[in-house]
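Data block below; observations after.
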2 protein chains.
Amino acid sequence: MSDLAIPPRPTLAAVAELAGVSASTASLAFSGSGPVSAATRERVLAAAEQLGYGGPDPRAAALRRGRSGVVGVVMEDRLADAFRDPINVAMLDGVADEAGAAGAGLLLLTESGGEVGQLTSAPMDAAILVGCSTRLDESVDRLRRRGLPVVAIEADDREGVLTIGLDNREASAAGAEHLRSLGHTSVAVVALPLDGTGGGTPLPADWESRATVHTTIERLRGLRDVYPDFPGVVATGSTIEAGMDAGRELLALTPRPTAIVAQSDLLAVGVLRAAEEAGLRIPHDLSVIGFDGIRPELVRPWDLTTLVQPAQEKGRAAGAAVVRLLAGETPEPACFRCALHVGATTGPAPSVR
Amino acid sequence: MSDLAIPPRPTLAAVAELAGVSASTASLAFSGSGPVSAATRERVLAAAEQLGYGGPDPRAAALRRGRSGVVGVVMEDRLADAFRDPINVAMLDGVADEAGAAGAGLLLLTESGGEVGQLTSAPMDAAILVGCSTRLDESVDRLRRRGLPVVAIEADDREGVLTIGLDNREASAAGAEHLRSLGHTSVAVVALPLDGTGGGTPLPADWESRATVHTTIERLRGLRDVYPDFPGVVATGSTIEAGMDAGRELLALTPRPTAIVAQSDLLAVGVLRAAEEAGLRIPHDLSVIGFDGIRPELVRPWDLTTLVQPAQEKGRAAGAAVVRLLAGETPEPACFRCALHVGATTGPAPSVR
DNA sequence: CGGTTCGATCGAATCGATTCGAAGTGTCCG
DNA sequence: CGGACACTTCGAATCGATTCGATCGAACCG
């Protein structure tokens, strides 16, 4: 515990001198690229050992190489919020898989982070935008100006950005279709935040023009494709608590909806708890459908009807895209598809039973 | 989607030239530190705008300044595993809070990541070691040689490393004491991994000498302080599934233990499910105690008796320590305390009822 | 009206490694 | 025995910004 101070670090030049070789040779010995005799390498390594040299300074190497081996993962919210939803974790896992395999570290950034913005000052080779929205334009702009390749997950197609998409609209429509086929005519929605602010309010009629979060809009559109008109609540985030709050509000509506569409599984679980609290039987009195397909154990004891998205695959695709982009290739944008899992939380509408 | 190629980036020198000032002045204009007339700043900024200059290259700035504004967070496992346990997420959240406030980004690294090791080649100013074990020595060594301040969370005290601790042993003992006061004489443990490998096996008698994960050892010691002898299973990780597997095994023992000590709440939930599966009533037939104190909703419907650790605080402390270390100060090591939350999963031992 | 002081701007050195072409040393073959 | 070739090693330029001391002007004061 005593000596946390950092002693002056020896440089490659110092090592080279001690080893009796030039700096360039020493560099070759470390990087491994280039022809260096075994004996020389030994000598350099020994000198490094003797001086307590820990290898080339990544900062200098990054400057010279023009690469820092870091991929930025940009999230809008506080990091905690981002980690709170298992679907993000799964996705991040996929990213880490691919990027990590290529030797890149993941730098977690928030759009709001820092004063001038970490986006501008963080050393990275490329960026992955996650859960994009309002500030996306600004973020993309900042990143592009820095000359960084940008991959966005679930965002509008836009110039200079490779998009990894999800069939949010079609999937939502499929879910809604499932409800309609069960005879539901009165459905309500618990929407994800529209624009990163507030929430906890009724879904405004002009959501389509007001909302800025791509995912939220698309999922709402999908629902509207089947049910032209529906009431709803905007959740404060993708959490069980937010889902409960929203669920309570929707269940207090008159007439009470016979089905609730939640835009994430966590929200759905919250709704289910609110329903339970209200003494409703699922799916007898109320059908609930989620979105994401997080691990079943987290939804337990319910077998949630939901749209299962290949989150980890999505992450992998983003990670792989970044890697290829950095390699100078031009990967194709991708769009993943969800699968409807019909569980035990949806059933025939009460009125038609 | 068309132009993902990266056009050659203008440099500060180019901007300076266009603005008709020297590079040094342009630098001042951007960094804001130093006296620059408003007019000049305007001109420089305008020139930057015109050239599409996105600000100083962080790599070059990092080299010159000797700072990259990045704090490495080193985890042993795959990232996904680390995120899987909410307690880690909470802790990471704390770290992000403090580090983020100081303008630092979080670089996620794994000890095994990359070939030569990201630990050696990642640009960062300091490192926080999380969930440390076997490879800790090597990791610390590598980092220290690079001259980086190192903060370790829950690790043995060691030279050159600032430790943020937790009273794992005392807390575990308190939990065990709680069980003993309820009359339990036959307790079993579901241990966290001993050394990052395998698991899913009975707890070996020589765990104390074999195990390398600090947290696991300390918690086992705490239990032994109260119960000198106990059977156990080593889980494959801190997950509900692993807890279920371990729970099934322990419940199959003869005689069946009347209480099970799980070394994490997720494991405890798994044990509870295994108990439920076996038709046991909680706490009538079996008492279960966890460790961590993750959010109650995740443990629902149980009110788990557990040792609540201030995970986020721990993270904040680590983050704050790193920030202070980087500021040249010498923060004190800290040790946090757990609080026993007596829930509804522990009760009098069957035999004494 | 000259000297002083303060503020803005500039030059040049520096951070620490990487890289490419050139030079040096042996070896092998004709 | 001389020339070509292979393999190492070395020098020097470069990556792009930051920073410190010096310079230059102008305003201010006596």
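The values are calculated or read from the model by the stated rules, or taken from the named source; none is laboratory data. Keep in mind it's a predicted model, so treat the numbers as computed, not measured. Neighbour counts run over all protein chains shown; Cβ positions are idealised from the backbone, glycine included. Quick note on the areas: whole protein, heavy atoms, side chains included, nothing else; ligands and nucleic acids left out. Shrake-Rupley method; radii C 1.70, N 1.55, O 1.52, S 1.80 Å.
What's the buried accessible area, both sides, between A and B using a 1.4 Å probe, rounded to 100 Å²? The partial results should precede the final answer.
On the way: alone 17070 and 17070 Å², together 28240 Å².
In total, this chain pair buries about 5900 Å².
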* Taking every eigenvalue of the Cα gyration tensor of region A:108-262, multiplying by 5 and rooting it, what semi-axes result, largest first, whole Å? -> 34, 17, 11
* Structure fact -> Magnitude of the Cβ-charge dipole (Lys and Arg +1, Asp and Glu -1) of chain B about the Cα centre, nearest 20 debye, reported as 500 debye
* In the Gaussian network model of chain A, springs joining C-alpha atoms below 10 Å, which of A:Pro56, A:Pro149, A:Pro331 carries the largest mean-square fluctuation? -> A:Pro56
* To do: Over region B:176-216, consider all pairs of different Cα atoms and compute the Kirkwood hydrodynamic radius from their mean reciprocal separation; express it in Å, one decimal.
  => 11.8 Å
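If you place +1 on the Cβ of every Lys and Arg and -1 on the Cβ of every Asp and Glu, how big does the dipole about the Cα centre of region A:233-353 come out, in debye to the nearest 20? Could you put the intermediate results ahead of the total?
Numbers: 11 positive and 13 negative charges, 41 e Å.
Computed about the Cα centre, the dipole is about 200 debye.
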* To do: Could you state the orientation-averaged shadow area of the convex hull built on the Cα atoms of the protein assembly as shown, in nm² to one decimal?
  => 34.2 nm²
* Structure fact -> Rounded to the nearest 5, the percent of DSSP beta bridges in chain A running antiparallel is 15 percent
* Structure fact -> Here the FRET efficiency for B:Ala14 versus A:Asp141, based on Cβ atoms and R0 = 22 Å and rounded to 0.05, is 0.70
* Alpha carbon convex hull of region B:287-328, projected area averaged over orientations, nm² -> 3.3 nm²
* Asked: At A:Val342 and A:Ser181, where each label point lies 7 Å from the Cα along Cα→Cβ, what is the point-to-point distance in nanometres?
  -> 0.5 nm
* Structure fact -> At q = 0.14, 0.20, 0.22 1/Å the base-10 log of I(q)/I(0) from the Debye formula over the alpha-carbon atoms of region B:276-353 is -0.61, -0.88, -0.98
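Per the 1.4 Å probe, what fraction of the accessible area of region B:259-337, in percent, lies on carbon and sulfur atoms? Spell out each step's value before the answer.
Values: 1480 of 2830 Å².
That fraction is 52 percent.
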* To do: For chain B, find the longest principal axis of its Cα atoms and tell me its angle to the long axis of helix B:38-51, 0 to 90°, nearest 10.
  => 80 degrees
* Residues of region A:281-306 with accessible area at least 40 Å² lower in the all-protein-chain context than alone (1.4 Å probe)? -> A:Arg295, A:Glu297, A:Arg300
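Once Rh for region A:12-56 is found with the Kirkwood sum over Cα pairs, what is the Stokes-Einstein diffusion coefficient at 37 °C and 0.692 mPa s, in µm²/s?
Working: Rh = 9.8 Å.
Calculated translational D: 334 µm²/s.
Let me check something: with ligands and nucleic acids excluded, how do B:Met75, B:Met244 order by accessible area (1.4 Å probe), largest to smallest? Spell out each step's value before the answer.
Working: B:Met75 10, B:Met244 40 Å².
Listed by decreasing accessible area, they come as B:Met244, B:Met75.
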* To do: Sticking to Cα atoms, compute the Rg of chain B to one decimal and its Dmax as the biggest Cα-Cα distance, whole number, in Å.
  => 25.7, 89
* Asked: Ordering A:Glu76, A:Glu276, B:Glu208, B:Glu17 from largest to smallest accessible area (1.4 angstrom probe), what's the sequence?
  -> B:Glu17, A:Glu276, B:Glu208, A:Glu76
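Just the number, please: percent antiparallel of the DSSP beta bridges in region A:63-193, rounded to the nearest 5. Please report the intermediate quantities before stating the final value.
Working: 1 of 19 bridges.
Bridges in region A:63-193 that DSSP calls antiparallel: roughly 5 percent.
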* Asked: Roughly what would the spin-label model give for A:Ser37 and A:Glu332, points 7 Å off Cα along C-beta, in nm?
  -> 5.3 nm
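Ranked by accessible surface with a 1.4 Å probe, highest first, in what order do A:Thr40, A:Thr185, B:Thr345, B:Thr11 come? Mind showing how you got there, number by number?
Working: A:Thr40 20, A:Thr185 115, B:Thr345 0, B:Thr11 75 Å².
Listed by decreasing accessible area, they come as A:Thr185, B:Thr11, A:Thr40, B:Thr345.
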